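Q: Take this structure first; my questions come after.
The values are calculated or read from the model by the stated rules, or taken from the named source; none is laboratory data. Computed from a predicted model, the values in this text were never measured in an experiment. Because the Cβ atoms are built from the backbone with ideal geometry, glycine has one as well, and the counts that use them run over all protein chains shown.
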Amino acid sequence: QVQLEESGGGLVQPGGSLRLSCAASGILFSISRMGWYRQAPGKQREMVATITSGGTTNTADSVKGRFTISRDNAKRTVYLQMNNLKPEDTAVYYCNTVFRLRDAWGLGTLVTVSS
C-alpha cells in the first residue's frame, strides 16, 4: 500500500520561506518519479515541481527561481524548499507519485501566505 505523508505547511508572511517534506512508503522510492502539486481555493490542482529517480527536475514557471524540489533516497523523502513566498502561493500542497500506472496522493499540507 502506497503512503505519502506531507508535512511542513503553515502560515508564513510574504517573502518568507517554508520547507515541505513528503515521506513515502510502499513504493520503490529510489526509482520513483516524485512530484509536488498544489490546489488553491476554487482552482484546479496544478503541478509545482517534479523530480525523476535520476534527479532531473521540472519546475512550474510560476515558482521557478523561488521553489526547489529535492530528494533523499536514504530517507525515502522528497522536499520542496519554498522561498520568497507570495500570497498567490497559498494552497494545499500535495505529494504525488505513480504506482502501478495510477496516481497516488498524500492528504496534503496547507500553506497560507499572508501578512
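Q: Residue by residue through the range 1-50, note down the ones that are modelled with pLDDT of 95 or more, touching a Phe, Trp or Tyr at 6+ places or on another chain (Cβ under 7 Å), surrounded by 16 or more Cβ atoms within 10 Å (Cβ to Cβ) and not small (Gly, Ala, Ser).
A: If the condition is that a residue be modelled with pLDDT of 95 or more, touching a Phe, Trp or Tyr at 6+ places or on another chain (Cβ under 7 Å), surrounded by 16 or more Cβ atoms within 10 Å (Cβ to Cβ) and not small (Gly, Ala, Ser), then Leu4, Glu6, Leu20, Trp36, Tyr37, Arg38, Val48 are the ones that fit.
Q: Could you grab me the full set of residues in the range 56-85 that are among the basic types (Lys, Arg) and surrounded by 13 or more Cβ atoms within 10 Å (Cβ to Cβ)? Spell out how you get there, then give the answer.
A: Initial filter on the range 56-85 (among the basic types (Lys, Arg)): 64, 66, 71, 75-76.
If the condition is that a residue be among the basic types (Lys, Arg) and surrounded by 13 or more Cβ atoms within 10 Å (Cβ to Cβ), then Arg66, Arg71, Arg76 are the ones that fit.
Q: Further question: Determine whether Thr90 is among the β-branched types (Val, Ile, Thr), more than 28 Å from Ser30 (Cβ to Cβ) and without any contact (Cβ under 8 Å) to a residue 60 or more places away in the chain. Quick ask: steps written out before the conclusion?
A: Values: among the β-branched types (Val, Ile, Thr): yes; more than 28 Å from Ser30 (Cβ to Cβ): yes; without any contact (Cβ under 8 Å) to a residue 60 or more places away in the chain: yes.
Yes, satisfied.
Q: Test of understanding: among Val98, Val78, which residue is touching a residue at least 40 places away in the same chain (Cβ under 8 Å) and under 10 Å from the mean Cα position of the chain (by Cα)? Explain how you work it out, then say what you get.
A: Details: Val98 fails: under 10 Å from the mean Cα position of the chain (by Cα).
Result: Val78 is the single residue among Val98, Val78 that is touching a residue at least 40 places away in the same chain (Cβ under 8 Å) and under 10 Å from the mean Cα position of the chain (by Cα).
Q: Of Ser70, Ser32, which residue is closer than 30 Å to Ser115 by Cβ, under 15 Å from the mean Cα position of the chain (by Cα) and not hydrophobic (A, V, I, L, M, F, W, C)?
A: Details: Ser32 fails: closer than 30 Å to Ser115 by Cβ.
Unique residue meeting the criteria: Ser70.
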